[in-house]
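Contents: one structure, followed by commentary.
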Amino acid sequence: MRDIQMVDLKAQYQKIKPEVDKRLEGVISSAAFINGPEVQRFQSELETYLDVKHVIPCANGTDALQVALMALGLERGDEVITTTFTFIATAEVIALLGLTPVLVDVDPDSFLIDTDAVEKAIGPKTKAIIPVHLFGQCANMEGIMRIAQANDLYVVEDAAQSIGASFHFSDGTTKASGTIGDFGCTSFFPSKNLGCYGDGGAIFCNNDELADKARVIVNHGMKVRYYHDLIGVNSRLDSIQAAVLSIKLEHLDHYNNERRRAAFHYDKELGDLGVFKVPKRLKNSCHVFHQYTLQCEGVDREALREHLNVNGVPAMIYYPVPLHQQKAFRDARYQDGAFPVSEELASKVLSLPMHSELDDEQLNYITQTIKEFLKKA
Ligand SMILES: *Cc1c(COP(=O)(O)O)cnc(C)c1O
């Protein structure tokens with residue numbers, strides 16, 4: 001059996017190696033490393049895949065979020081509502097721009113931002129909401145968009161973990177995650193569902209004016225070379241990464257199906273043991289399982305994790321500390337206990353290996369190893 005990894009990029013590369021090597025050689029021979037034809041090509045392929053008007057490639061997912069917020073023209077002290085149960089980047093960019101992050105709790109079954117809590121957190125300074133499609137499932141975008149419209153707020157979707165997922169609205173329409181709000185932001189970090197071989201990210205937008213502004217901001221605030229209209233940043237996707245992404249985009253649906261297949265194996269083998277809560281599927285969102293995250297209810301998480309590791313099965317805790325309890329975000333507004341659901345999740349979650357290359361032998365080994373532990377415990 002191949003070694004089990006949280007994410008198996010080596011095995012994935014072996015399957016597409018000839019294609020990748022050929023395209024990368026092309027980029028290197030052409031020496032068009034920055035803003036070359038590969039970047040244009042990937043951009044338009046992704047626009048077609050997502051059915052979105054504009055994709056603005058950039059250097060990473062954190063930059064994508066930062067640039068989206070910059071393009072909205074928010075002012076110091078404006079408030080942005082987001083979830084406390086997410087990766088730090090989501091709230092980091094809010095604080096970095098001098099805006100005020102207003103954190104809210106999540107739903108205990110789906111890990112996703114609690115829309116009732118969002119509504120309650122709205123005040124006179126609130127300007128935007130950042131829902132996070134955590135672990136690969138869309139937040140309740142119908143609720144979020146309704147709240148945003150009623151209160152005249154912008155929506156920036158953090159779709160770093162959800163590329164390829166979609167949301168089904170009650171009027172029968174379906175939209176790709178990241179194409180629903182004013183902006184959507186994703187990351188092509190190697191371990192993401194669509195990952196490159198370094199850093200990368202992109203912003204999605206259906207509004208011509210906002211897209212134009214974001215495109216100017218990622219390029220030093222410049223539309224005509226050496227004429228700078230805005231204070232911008234330097235955030236580019238390079239041609240090598242774009243070439244890798246262009247190849248992998250063709251396989252994305254297959255990759256996501258393989259992730260779903262692994263998730264169903266875990267559900268089937270672990271769902272009825274009485275000690276785990278398996279991740280809930282929402283009927284309005286298709287899930288692309290960036291992570292498969294169990295909640296350990298009647299089992300010692302640390303002991304289980306240790307047993308798994310000793311037996312060659314990696315398992316990770318995403319995330320061990322909610323944002324309001326992070327040192328960087330310590331804030332008089334949020335004491336311990338402020339967000340009980342997220343605090344409890346942080347003590348119970350355990351993510352199992354999840355990627356496109358898990359075969360039946362590995363999946364069986366993982367769930368058998370868990371069952372062995374339960375027998376001994
Ligand atoms: C990965 C991730 C980001 C940041 O992406 P980078 O490319 O690493 O900057 C932002 N938000 C979430 C939820 C993520 O998982």
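The values are calculated or read from the model by the stated rules, or taken from the named source; none is laboratory data. Note that the structure is predicted; figures quoted are calculated from it, not measured. Positions of Cβ are backbone-derived with ideal geometry, glycine not excepted, and every protein chain shown enters the neighbour counts. The accessibility values were calculated without ligands, DNA or RNA, using every heavy atom of the protein model including side chains. Shrake-Rupley method; radii C 1.70, N 1.55, O 1.52, S 1.80 Å.
Go ahead and set up a Gaussian network model of the chain, Cα springs under 10 Å, then flag whichever of 314, 37, 124 fluctuates most. Evaluated over the chain, the most mobile residue of the options is 124. Please report the relative contact order for the chain, taking Cα pairs under 8 Å with a sequence separation of at least 6, and give it as a percent rounded to a whole number. 22 percent. Counting each pair of different Cα atoms once, what's the Kirkwood radius of region 11-70 in Å, rounded to one decimal? Evaluated over region 11-70, this radius sits at 13.6 Å. For the chain, with only Lys/Arg (+1) and Asp/Glu (-1) charged at the beta-carbon, what is the dipole magnitude about the Cα centre, in debye rounded to 20? Here the chain has a charge dipole of around 400 debye.
Projecting the Cα atoms of 147, 230, 1 onto the charge dipole of the chain (Cβ charges, centred on the Cα centre) puts 1 farthest toward the positive pole.
How high is the relative contact order of region 91-198, in percent, counting Cα pairs under 8 Å that sit 6 or more residues apart? Walk me through the numbers before you get to the answer.
Values: 168 pairs, mean separation 20.3, N = 108.
Computed value for region 91-198: 19 percent relative contact order.
With the chain treated as a Gaussian network of Cα nodes joined by springs under 10 Å, which of 52, 321, 299 yields the largest mean-square fluctuation? Among 52, 321, 299, the largest GNM mean-square fluctuation belongs to 299.
Taking all protein chains into account, the per residue accessible area for region 140-280 stands at 43 Å² (1.4 Å probe).
Hull volume per residue, based on the alpha-carbon atoms of region 178-278 and their convex hull, is 148 Å³. Solvent-accessible area assigned to carbon and sulfur over region 11-126 amounts to 53 percent, based on a 1.4 Å probe. Rounded to 0.05, the FRET efficiency of the residue 267 and residue 32 pair, given R0 = 51 Å and the Cβ-Cβ distance, is 0.65. Expressed as a fraction of 2.2 N^0.38 Å, the value expected for a compact globular protein of N residues, the C-alpha radius of gyration of region 251-376 is 1.16. Ignoring everything but the protein chains, give the 1.4 Å probe accessible area of residue 316 in square angstrom, nearest 10. Using a 1.4 Å probe on the heavy atoms, I get roughly 70 Å². Just check region 97-175 against the gyration tensor rule for me: Cα atoms, a ≥ b ≥ c as the square roots of the eigenvalues, rounded for a/c under 1.5, and otherwise prolate or oblate depending on whether a/b exceeds b/c. Cα axes put region 97-175 in the prolate bin.
Wrap a convex hull around the Cα atoms of region 209-252, take a quarter of its surface area, and give that in square nanometres.
The number I arrive at for region 209-252 is 4.1 nm².
Mean separation of Cα pairs under 8 Å and 6 or more residues apart, divided by the residue count, gives region 41-123 a relative contact order of 23 percent. GNM on the chain, alpha-carbon springs under 10 angstrom: the most fluctuating residue among 121, 139, 31 is 31. Restriction of the GluC sites (Glu not before Pro) in region 263-356 to DSSP coil positions whose beta-carbon has at most 13 other beta-carbons within 10 angstrom yields 297.
Sites listed here are trypsin sites (Lys or Arg not before Pro) in region 1-107 whose DSSP assignment is loop and whose Cβ has at most 16 other Cβ atoms within 10 Å: 2, 53, 76. Evaluate the chain: find the radius of gyration of its Cα atoms, find its Kirkwood radius, and give the ratio Rg to Rh. So for the chain, dividing Rg by the Kirkwood Rh gives 0.97. The magnitude of the dipole of region 200-240, with charges of +1 and -1 set on the Cβ of Lys/Arg and Asp/Glu and taken from the Cα centre, is near 140 debye. Remark: accessible surface ordering of 20, 275 (largest first) is 275, 20, probe radius 1.4 Å. Longest stretch of the chain clear of exposed loop sites (chymotrypsin sites (Phe, Trp or Tyr not before Pro), DSSP loop, at most 15 other Cβ atoms within 10 Å, sites excluded): 227-377. Loop-located trypsin sites (Lys or Arg not before Pro) in region 310-361 (DSSP state other than H, G, I, E, B) with a sparse environment of at most 15 neighbouring Cβ atoms within 10 Å: 330, 333.
Between amide H atoms placed 1.01 Å from N, distances below 5 Å from residue 154 occur with 128, 129, all of them 5 or more places distant or on a separate chain. Residues of region 83-98 with amide nitrogen under 12 Å from the 7 Å Cα-to-Cβ point of residue 328? Label zone hits: 87-97. For the chain, the 222 nm mean residue ellipticity estimated from helices alone, with every DSSP H stretch of n ≥ 4 adding -39500 (n - 2.57) and the total spread over all residues, rounds to -13000 deg cm²/dmol.
Specify which residue in the list 364, 27, 60 is farthest towards the positive end of the charge dipole of the chain, using unit charges on the beta carbon of Lys, Arg (+1) and Asp, Glu (-1), about the Cα centre. Toward the positive end, the furthest listed residue is 27. Once the Kirkwood radius over Cα pairs is known for region 29-180, the Stokes-Einstein relation at 37 °C and 0.692 mPa s delivers a diffusion coefficient of 201 µm²/s.
Given their separation in residues at 0.36 nm each and the Cα-Cα distance between them, residue 220 and residue 300 gain 23.7 nm when the chain is fully extended. The gain in end-to-end length when the residue 368 to residue 11 segment is fully stretched comes to 126.2 nm, 0.36 nm per residue minus the alpha carbon separation.
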